[in-house]
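Asker: Sharing a structure here in C-alpha cells format.
The values are calculated or read from the model by the stated rules, or taken from the named source; none is laboratory data. Remember, it's a predicted structure, so these values are computed and weren't measured experimentally. Cβ sites come from the backbone with ideal geometry, for glycine too, and all protein chains shown count toward neighbours. Heavy atoms of the whole protein, side chains included, go into the accessibility calculation; ligands, DNA and RNA do not. Shrake-Rupley method; radii C 1.70, N 1.55, O 1.52, S 1.80 Å.
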Amino acid sequence: MPRPIEIAPSILPVDFAKLGEEIVALDHAGVDRIQFDVMDGQFVPNLTFGPDVIASVRKHTSLPFEAHLMVLTPDAMAAQYITAGCERLIVHAEACTHLHRTLANIASLGATAAVALNPATPVDAVAHVLDLVDMVLVMTVNPGFGGQSYIATMEPKIRAIRAMIEAAGLTEQVDVEVDGGIGPSTVAGAAAAGANVLVAGSALFRDPEGLVHAVADLRARAEAAAAA
Ligand code: DX5
C-alpha cells in the first residue's frame, strides 16, 4: 500500500508578524503537517529562525511539525528542535559527517528522522540508512530561498529513491518528500515520479483563490498523478 499524498507547507512566505494566525490558517486550509525551514546562514546563504519561534506557535495547532534543518551542525541542534515541538527532524546528508549516527541519535531523542539530498547529491548517500528514517527528502531546488524554479531533472532521482525504498521492503514505512518549486504546474511530475509528501510555499500563498483552494488543488493534482 503506497503512502498517502500529504501537503506540507513551508512557512517561508508567511507574514512573520502574525505567524500564529498563519499557522491556524494553514491548519484550517487542510494541510497535513507544517514544515519549518531552519537555515543557519552557513549551510545555505540565508538565516531564518531558532527553536523558540517554533515553540511559540506549537500551541496554535495539533498538526505535526517537521524541522528542515538546513544547517551545518544538526547534531548540536537536534534536541532543541524536538523540545520546541517538532515530531520530525530532517537533516541534510551533506551536513553530516556520521549520518548513520546522527539519524540514530534523533530517534533516541524521541523524534522521527528524515534525510534530505541536495540536487547534486547522488541517491547512494542514503542507501545504507533507509532503516533509520521515515522519509527521504529530494530537494527540487538548491536550498536557501523560496520562490525558486523547480528542477525537473530531479524526477529520475525521485523515481530512483522510491525504487530503493521499495527494494528495501520499506514502501509502507518511508515517505518520499519533495521541496522547492512545487505548484500546480510541477506537482504532477513529482508525484508521478513517486513523491508523496509535497512541500510548497509560494505556490500556496500566491493562489488568487486563496489557501483552501491552493491546498485542495495541489492535493488533487498529486493524487491524480500518483494514481495514473
Ligand atoms: C528552500 C526552501 C524552499 C521552501 C519552498 O531552501 O526550503 O524550498 O521550502 O519554497 P517554494 O515552494 O516557494 O519553492
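Asker: Just a yes or no: is a residue in the stretch 69-77 more than 14 Å from Phe43 (Cβ to Cβ), outside any helix (DSSP H, G or I) and either out of contact with any Leu (no Cβ under 8 Å at 6 or more places or on another chain) or open to solvent by 40 Å² or more (accessible area, probe 1.4 Å) (or both)?
Answerer: From the stretch 69-77, those more than 14 Å from Phe43 (Cβ to Cβ) are none; that's our starting set.
Scanning the stretch 69-77, I find no residue that is more than 14 Å from Phe43 (Cβ to Cβ), outside any helix (DSSP H, G or I) and either out of contact with any Leu (no Cβ under 8 Å at 6 or more places or on another chain) or open to solvent by 40 Å² or more (accessible area, probe 1.4 Å) (or both), so the answer is no.
Asker: Note down all Cβ pairs under 8 Å where the first residue falls in the stretch 165-189 and is under 13 Å from Ile7 (Cβ atoms) and within 14 Å of the ligand (Cβ to nearest atom), the second is of a type in the set (Ser, Thr, Tyr) and part of a loop (DSSP other than H, G, I, E, B), and they're at least six residues apart or on different chains.
Answerer: Matching pairs, first to second residue: Val178/Thr140; Asp179/Thr140; Ile182/Thr140; Ile182/Tyr150; Gly183/Tyr150.
Asker: Another one. If Ala195 satisfies every condition in (1) assigned to a helix (DSSP H, G or I); (2) touching a strand residue (DSSP E or B) at 6+ places or on another chain (Cβ under 6 Å) but one, which is the exception?
Answerer: Failing condition for Ala195: (1).
Asker: Within the stretch 83-90, identify whether any single residue is hydroxyl-bearing (Ser, Thr, Tyr), open to solvent by less than 50 Å² (accessible area, probe 1.4 Å) and on the phi < 0 side of the Ramachandran plot, and answer yes or no.
Answerer: Residues of the stretch 83-90 hydroxyl-bearing (Ser, Thr, Tyr): 83.
Pick out the ones that are also open to solvent by less than 50 Å² (accessible area, probe 1.4 Å) and you get none.
No, the stretch 83-90 contains no residue that is hydroxyl-bearing (Ser, Thr, Tyr), open to solvent by less than 50 Å² (accessible area, probe 1.4 Å) and on the phi < 0 side of the Ramachandran plot.
Asker: In the stretch 20-48, what count of residues is obtained for those that are part of a loop (DSSP other than H, G, I, E, B), farther than 19 Å from Pro4 by Cα and open to solvent by 20 Å² or more (accessible area, probe 1.4 Å)? Quick ask: steps written out before the conclusion?
Answerer: Within the stretch 20-48, the subset part of a loop (DSSP other than H, G, I, E, B) is 29-33, 41-46, 48.
Imposing the further condition that a residue be farther than 19 Å from Pro4 by Cα reduces the set to 41-46, 48.
In the following step, the residues that additionally are open to solvent by 20 Å² or more (accessible area, probe 1.4 Å) were identified as 41-43, 45-46, 48.
Total meeting the criteria: 6.
Asker: Further question: Mind counting the residues in the stretch 95-141 that are within 15 Å of Ala160 (Cβ to Cβ), outside any loop (DSSP other than H, G, I, E, B) and away from the ligand (no atom under 16 Å from the Cβ)?
Answerer: Total satisfying the criteria: 5.
Asker: Take the residues in the stretch 164-183 that are assigned to a loop (DSSP other than H, G, I, E, B) and of a type in the set (Gly, Ala, Ser); name whichever of them is nearest to the chain's Cα centre (by Cα). Talk me through it step by step, then tell me what you get.
Answerer: At the first step, the residues of the stretch 164-183 found to be assigned to a loop (DSSP other than H, G, I, E, B) are 168-174, 180-183.
Within this subset, residues satisfying the condition of being of a type in the set (Gly, Ala, Ser) are 168-169, 180-181, 183.
Numbers: Ala168: 22, Gly169: 22, Gly180: 9, Gly181: 12, Gly183: 14 Å.
Among them, the one singled out is Gly180.
Asker: Working only within the stretch 134-151, note down all residues that are touching a helix residue (DSSP H, G or I) at 6+ places or on another chain (Cβ under 6 Å), on the phi < 0 side of the Ramachandran plot and not hydroxyl-bearing (Ser, Thr, Tyr). Reasoning before the result, please.
Answerer: Filtering the stretch 134-151 down to residues touching a helix residue (DSSP H, G or I) at 6+ places or on another chain (Cβ under 6 Å) leaves 136, 138, 140, 146-147.
Checking which are on the phi < 0 side of the Ramachandran plot leaves us with 136, 138, 140, 146.
Correct list: Val136, Val138, Gly146.
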